[in-house]
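Only one structure is covered here, and it is reproduced in the block below.
Nothing in this text is a laboratory measurement; each read-out follows from the coordinates by a stated rule. Since the structure is predicted, the reported quantities are computational estimates derived from the model, not experimental observations. Quick reminder, even Gly has a Cβ in these numbers, built from the backbone with ideal geometry, and neighbours come from all protein chains shown.
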Amino acid sequence: MNSVWTMAAAVISFGVTGLLGKWMVPFLHKINFGQTIREVGPRWHQKKNGTPTMGGFMFIIGIFVAAAICLPLFYVLSERSSLDMLMRTKLVSGLLMALGFGAIGFFDDYIKVVKKRNLGLNVKQKLILQFLVAGAYLYSLYLAGASTLTMIPLVGSINFGAWYWILSFLGIVGIVNAVNFTDGIDGLNASVTFFVSIFFLLISGVLGVSGIGILSAAAAGGCLGFLIWNFNPAKVFMGDTGSLFLGGMVCALGFGLNMPIIILPLGIIYICEILSVVLQVTYFKATHGKRLFKMSPIHHHFEMCGWSEVKICAVFSLVTIVLGAVVVWCVMVGV
Amino acid sequence: MRSVKLIAVSDPNGMIGSILKKIMDLCGRTNCRVAPAGEPLRPEEVPYLLLAGTGEFADAAGKFQKYVAPYENQKGSPGPNQCFVTYSMEDDRADYTVKNIRRSPDGQMTFEIVGAGVIGRVKRNSGQAEFVEQALAAAAAAMTAGISFAEVLDALNTMPLQAESVVPT
């Protein structure tokens, strides 16, 4: 893997994202993009009312600038052979998919902030748009000749045939929404996704997939740059603009490595977050009003148990690190 | 009418050619003939792909529609409309590389073929170290010849490996 361009992507993304905050946080304040905090959240979150949202634009720009500089230069200067159409499609379409999800998030945030409605797009509208973006991404891979063969670290290469497309279609939308649910307390989504990106970077290094390595480094740099502004006490929230974009990035990295299955263990926090919501709702309906957790998504449950936001970020990041290390080990030694 | 595609392979001991032939057979490609480079063209054949495992015969690459060569040992220049593909055991810049070669105590050999947007694992119950590079070259040629990555991996995983004892072409 090309360490120079990987490092450059991380530094550029971190720098652009971090510096943008100096200008964008006051700007978002000025145009009143302060998020209305949902009444159903923990009551102490009311004090966050007025903190600007849509800060996700900061790392979206940072990651795009880093990718736009480093990927073409890497391909041009490294004298690579020419047959990289599928990988290039995976990189470009992956970025566009993330941007597409970010755009859906932006519509949602915009409705919430400008129309002063707590909830933006309704569930049906969101899902239709998300399936459209996921479908367009998978269709681009299909046109570029992507294989339905996927690698499962401890198992080997499995050909799912047509099921690959069906499972991917549903999986992408599921993962993107899971990442979206992880955004709810200061710094949580950015810190977890930072470590997820770092592990994608390590796996790219093990397998020598430079393009995905550069993209992973850009994502990690963007998340770290955003944490300067988003770490507790947050000066800006990423909003659905940012969280849906990060969901798209995580999917782009998993599919880029031909191992989308590793998103599940690497993104175990995302999975726990969305499962907590599903279990809570199911249990609530089944028991006519009883709750399984004090509040869902599960980070709110821990908040209600007295954990500080910083402690939740630290523990969730640590879980990601442990699972990430296991995944890297499985990729390296898997038979 | 020329209906058979000639895949010419230049390697000293014929092992790459024998693995490639096995892949072609297992994938049911009957319209291709794998033969040592330098062998005369038959009347029904069209020069389709040159796999220059050693760089030898590379000067003849221009006659073929497709040209596959080691990244470190590119000799001859591909034609203007020629599909040119490289492979390498060490250099990630090649179109196809091999990563993460490992051996279990019971002799099982596992490695990943990485390239052109695809990654897949090859597992063999036995095998000599040279098999990895030979399999990589054969896989690069097979995929350049239009066989899907899934089929190539399946063939590499299931072909009777006495690849050591596969009769060289």
Exercise for review: Please verify whether segment A:279-288 includes one or more residues that are within 14 Å of chain B (Cβ to nearest Cβ), surrounded by fewer than 22 Cβ atoms within 10 Å (Cβ to Cβ) and not in a helix (DSSP H, G or I).
Suggested key: no
Review point. Restricting to segment B:137-150, what's the tally of residues that are under 10 Å from residue B:24 (Cβ atoms) and either in contact with a strand residue (DSSP E or B) (Cβ under 7 Å, 6 or more places away or on another chain) or facing another protein chain (nearest Cβ under 10 Å) (or both)?
Key: 2
Exercise for review: Could you list all residues from segment A:291-302 that are more than 22 Å from the chain's Cα centre (by Cα) and surrounded by 15 or more Cβ atoms within 10 Å (Cβ to Cβ)?
Suggested key: A:292, A:293, A:295
Review point. For residue A:212, are the conditions met, namely being within 14 Å of chain B (Cβ to nearest Cβ), assigned to a helix (DSSP H, G or I), among the hydrophobic types (A, V, I, L, M, F, W, C) and closer than 25 Å to residue A:86 by Cβ?
Key: yes
Review point. Would segment A:296-307 turn up any residue that is touching a residue at least 24 places away in the same chain (Cβ under 8 Å), hydrophobic (A, V, I, L, M, F, W, C) and in a helix (DSSP H, G or I)?
Key: yes
Check your understanding: In segment A:151-172, what count of residues is obtained for those that are buried (at least 22 other Cβ atoms within 10 Å of the Cβ) and in contact (Cβ under 8 Å) with a residue 24 or more places away in the chain?
Key -> 3
Check your understanding: How do the pairs read when you match residues in segment B:113-133 that are more than 7 Å from chain A (Cβ to nearest Cβ) and closer than 17 Å to residue A:152 by Cα with residues anywhere that are aliphatic (A, V, I, L, M) and surrounded by 24 or more Cβ atoms within 10 Å (Cβ to Cβ), using Cβ under 6 Å and keeping only pairs 6 or more apart or on different chains?
Key -> B:113/B:139; B:122/B:156
